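For reference, the structure is listed below as structure tokens.
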Amino acid sequence: MNYQHIMASIDFSDHSQYIAQKAKNLATVYSSKLSLIHVLDNIPMPQVPYGTVISLTENTDSDYLEAEKQKFIQIANQLNVTDGCRWLVWGNPKQEITHIADQNNVDLIVMGSHGRHGIALLLGSTANAVLHHAKCDVLAVRIKEH
Ligand code: AMP
């Protein structure tokens, strides 16, 4: 009954470390595999099809993408996420989070109750969509402002 594969979903908002650490703690308690995902949705990449997994080792000519990669790698390193469990993906967050979870037999997605998109909704739009579309359990970590 224990979770076998937990995936932390982070958007690089201020709460990302907190969410990732919660996922890490759960993975330790359950001795489960830990994955980390960030979906790039705020940089133009016209030549790259939606759903493309971005290589963390090859250099690109975009400074912005390099900066995003470094932020992602730093958090992945802090959590000791193994290379095959690091998902930096170009696309639509709700689609890619559920797709990658599904393809990799993730049984628990850990995410914030809201993130970059603010607290206009009780449950943010990404959190809400993942909760409705994921085939596995979803833990919405309550984010309090202040
Ligand atoms: P939101 O519903 O967009 O306010 O965000 C809620 C949570 O969804 C965030 O705290 C993250 O855990 C996750 N999330 C939102 N956007 C992304 C993204 N681009 N990549 C990965 N996770 C995300």
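The values are calculated or read from the model by the stated rules, or taken from the named source; none is laboratory data. Bear in mind the structure is a predicted one, so any value in this text is a computation, not a measurement. Note that each Cβ is placed from the backbone with ideal geometry, even for glycine, and that neighbours are counted across all protein chains shown. Remember, those area values only see protein heavy atoms, side chains included, never the ligands or the DNA or RNA. Shrake-Rupley method; radii C 1.70, N 1.55, O 1.52, S 1.80 Å.
Miscellaneous remarks
- Restricting segment 86-97 to residues that are in contact with a strand residue (DSSP E or B) (Cβ under 8 Å, 6 or more places away or on another chain) and open to solvent by 10 Å² or more (accessible area, probe 1.4 Å), the residue that is farthest from the ligand (Cβ to nearest atom): ARG86
- Taking the listed residues SER62, SER35, SER31, SER55, the one that is open to solvent by less than 90 Å² (accessible area, probe 1.4 Å), polar (S, T, N, Q) and over 18 Å from the mean Cα position of the chain (by Cα) is SER62, with no other qualifying.
- The condition of being modelled with pLDDT of 95 or more and either part of a helix (DSSP H, G or I) or open to solvent by 80 Å² or more (accessible area, probe 1.4 Å) (or both) holds for only one of ALA67, ALA76, ALA120, ALA127, that being ALA76.
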